[in-house]
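Note sheet for the following structure.
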Amino acid sequence: MTQISVPWQPTQPVRYGLLSRPIVGVAVFIYRMAAPFVRRFPGPILIGAVVGVCLIVWLHALTYAYVDARILGAASVSADPAAAISWTSPGTWGLPPSTVAALIESAGGPAAAWSSILGYLLWPLQFSLTRDLLGLGGLFGLFNLIPIYTIWWERKVAGRIQSRLGPMRVGGWHGWSQSVADGIKLILKEDLIPDGADRILFRAAPYFALVPAGLAFLALPFGAAYVFRELDVALVFILGVLGIEVVGIIMAGWASNNKWSVYGAMREACQMVSYEIPMGMALLIPVVSVGSLSLSVIGEAQSEGWFSWLVFSNPFTFVAFVAYFIASLASCKRAPFDLPEAESELVAGFHTEYSGLRWAFFFFAEYAVMFIVGGLASILFLGGWNSPFPASWGASWSDGILMQGLKGLVFNGPIWFVAKCVFFLYVQIWLRWTLPRIRIDQVLYACVQVLLPLTMLLLLGNTLWVWASMSDSPAWAGVDRIVTYGLGLIGLAFALMFPAIAAYGFYFRRRLVGNLVQDAMPGS
Amino acid sequence: MPYANDVNNDLFLNRMIFNAMANSTHRTRAEGLGLRDAALIRCAQTFDHSRRLKPAAQGRAKIFPALDCLRWLNPVVGLVCLAVLVVWGPGASSVAAADTLASDVAGVTQAVPGGVLEALLFYLVAGTTVISSLGVCIAKNIVRMAVWLFVALGSVALLYLLLAANFLGAIQLLVYSGGTLVLLIFGIMLTSKSPWVRFEPHRLELLGAAVICGALLVGLCAALTGTTWHGMEEVMPGTSVAALGRRLLTVYLVPFEVAGVLLMIVMVGAAHLARQEK
């Protein structure tokens, strides 16, 4: 007897959402406009984009400072107290543009010539609502850019590590728009929900993963003044929202009603239970050293150059940095802890059943969390937005606008923070394509039986060290100094070794990666 | 799986499959097959296993195509709503007090009178808390209950943030919404025998729960009516973590240590119970 079974579906006309056509149209239009230029001038465009973003951010800071000092400050000390009070109370429209223009004119400087136009332009900036919306827009853009370009970079690095090229075609220059093309594909893809799934939870789960990752950016400082909301408990807040992200992953795995997904979700739950406590313990160590939970305060405590960074403050923080980094790899599900989506065993783990944009949301969350985890590492241990040069060197510099910008570039500015985060992103990518995945019992063993006691000991040791440093004994101060400089020199050796090894690899690239890659590599 | 009992030659099967690819009745007729064959094919398709994967928007888009576009708005709306909640949540008084715009310039040390927005947020978050707490009680599926509980705990954290108790809010997020909930779902997953575990208590259990909850309700109402409520002007501006820690280690040292010892006992007891089987 023959069974008749038709294993495919009749072709149906593709239905797109009303918004997906225009979104894709705009993306393709931008791509078509940009591609020829990027193909011809990739280097200048890259450098120009970085410099442009820095300039825009700096311009924002300058404008805000100007509005605070010259307009709102002047309005508050003006003779008419009613004018100063009125703009804070609800229902009013603040200082009228004419008053703003008059204040700009009275402040003098080059801005006075344009006061009538600037009065209207700067008028919205007196409300914190406008500033919040601008800040949210900037953070939202960053939140989108990080996954798009980290995924492209990950594929390039993976290619190099595996002796192949990675994306090369889309966009011309080294497949720069591969992720954009992927995004278009994902928007147009069919949104499948298995019949046996818990539909509501299945649809909600990606947002439970995505939104917390975005929320963490609200409290993450990019510089001393570059923070969206200065929270006194920013560290705990960020750890809390990262914990919520895990709930989204577990929900996705459970709602799919698929055994691979449930395995992935259970592994994620198991892993979270084991890594979160060592991670929190390791993060408490710099908190004890500085005495604050505010990330801005912790960052500012390390402004005196390389040797003031908390990782070099004593042997305990030095080891705690390594412990934190290992636990943080587990927290963003990166290799060797990528058990929840172990592609070679569980199809795709918790997102086996997901497709289209919902699938992409998980990756947006993962890459954003990678950035945040790297940002926490750099703020808590590696000086945050401070450069290796002590800020006191610039104390004698003049206070003009250009010198301020130069200080931001040389001593402390968001560019240093972003550079450190990008470095951590690179290290995470590098480890993913280098290390094999470990088993779930090995994860539990490593986190609960090795990292947890280790971080507890480190916390105790660091607390004793801080306590000893509180006494004014000159002998202890000497020991402290010697240890700090010793650790700092070890760190310096590591930091110099990194480019040296990279240069070695680049010099001998023909021997290491073969002719195929060598022909297409830049500089060959 | 439906069978066609009278069909057992390969030639016919091949033709059926070809026609299913072409998939249209009149095409089938043009190939020389009768209506009966076309109906057989359709029958096979209807009950076929691959039907299980059906496009999500299929049914809805036919009825109301405009709904389909809302699907792409979901993430935007969700992100904006949650961002608004968190951004202006802590902004109630502590952030606004730290905001040089509000306090220094105007010379006003009190919270910004953000009346309407704050009240709106409060009712939104409080309403979410109530609805999701009801959801915990009403839902039958245990995982759904856990998700409702997650929403309830998260909105309580937002309430704390609205009250400028930043530390409490963040700890609530970290410990309850993050840690405890994950442990809870993990426990359900490990112990459940079927994919959709349902929670069906006995009637006597329901009665006992009702008695306890009623007593709790009466007690809470008594406490609510018996307390003298202070206005905003008497509240300290925000709570600092340092002050909280100092209090815990000086004035409230004994309760703090007792709680610690209690948790330690719980941990040792759990470990003991887990090891007993060996």
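See the values below:
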quantity	calculated
Rounded if a/c under 1.5, otherwise prolate or oblate - segment A:97-203, Cα gyration tensor axes	oblate
Per residue convex hull volume, Cα atoms of segment A:189-467, in Å³	129 Å³
Average beta-carbon neighbours from other chains, 10 Å sphere, peptide B:165-172	5
For chain A, size of Cβ-based charge dipole, Lys and Arg +1, Asp and Glu -1, in debye	1840 debye
Ranked A:182, A:441, criterion: other C-beta atoms within 10 Å, fewest first	A:441, A:182
Cα gyration tensor shape for segment A:338-379, rounded if a/c is under 1.5, else prolate or oblate	oblate
Placed amide H near residue A:192: partners under 5 Å, 5+ positions off or other chain	A:355
Mean Cα-pair separation over length for segment A:189-467, i.e. relative contact order, pairs under 8 Å, 6 or more apart, %	27 percent
Residue-count net charge about residue A:263 - beta-carbon cut-off 11 Å; Lys, Arg +1, Asp, Glu -1	-1
Members of A:259/B:140; A:259/A:333; A:189/B:140; A:333/A:420; A:189/A:259; A:333/B:140 lying beyond 28 Å, as alpha-carbon distances in this model show	A:189/B:140; A:333/B:140
Likely footprinting exposure, A:402, A:145, fewest C-beta neighbours within 10 Å first	A:402, A:145
Compactness of chain A - radius of gyration and Dmax, Cα, Å	26.3, 100
Length released on extending from residue A:127 to residue A:259, taking residue separation times 0.36 nm less the Cα-Cα span	42.3 nm
Sorted by Cβ density within 10 Å, fewest first, the residues A:407, A:333	A:407, A:333
Residue-averaged [θ]222 nm for chain A, counting only DSSP H segments that reach four residues, each worth -39500 (n - 2.57)	-21500 deg cm²/dmol
For chain A: relative contact order, % (alpha-carbon pairs under 8 angstrom, 6 or more apart)	16 percent
Burial ranking of peptide ranges B:248-256, B:175-183 (average Cβ count within 10 Å, highest at the top)	B:175-183, B:248-256
Rounded to whole Hz, the Karplus (6.51, -1.76, 1.60) HN-Hα couplings of segment A:107-123, x for glycine and proline	6, x, x, x, 6, 4, 5, 9, 4, 5, 6, 4, x, 6, 5, 8, 4
Where trypsin sites (Lys or Arg not before Pro) fall in DSSP loop in segment A:107-165, at most 14 other Cβ within 10 Å	A:164
Counted charge near residue A:314, where neighbours are those whose Cβ lies closer than 12 Å (Asp, Glu -1; Lys, Arg +1)	0
For A:223-234, mean number of other protein chain Cβ atoms within 10 Å	4
Square roots of 5 times each gyration tensor eigenvalue, C-alpha, segment A:366-510, largest first, Å	31, 27, 17
Hz values of 3J(HN,Hα) by residue in segment A:448-459 - Karplus curve (6.51, -1.76, 1.60), Gly and Pro given as x	7, 9, 10, 5, 5, x, 4, 5, 5, 4, 5, 4
Order by protection proxy (mean Cβ within 10 Å, highest first), peptides B:139-148, A:135-144	B:139-148, A:135-144
Segment B:114-202 - Rg over Rh from alpha carbon coordinates, Kirkwood radius	1.07
Order by protection proxy (mean Cβ within 10 Å, highest first), peptides A:365-375, A:351-361	A:365-375, A:351-361
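Computed from the coordinates by the stated procedures, all read-outs in this text should not be read as laboratory data. Remember, predicted model here, so these are calculated numbers, not experimental data. Virtual Cβ from ideal backbone geometry, glycine too; neighbours counted across all protein chains shown.
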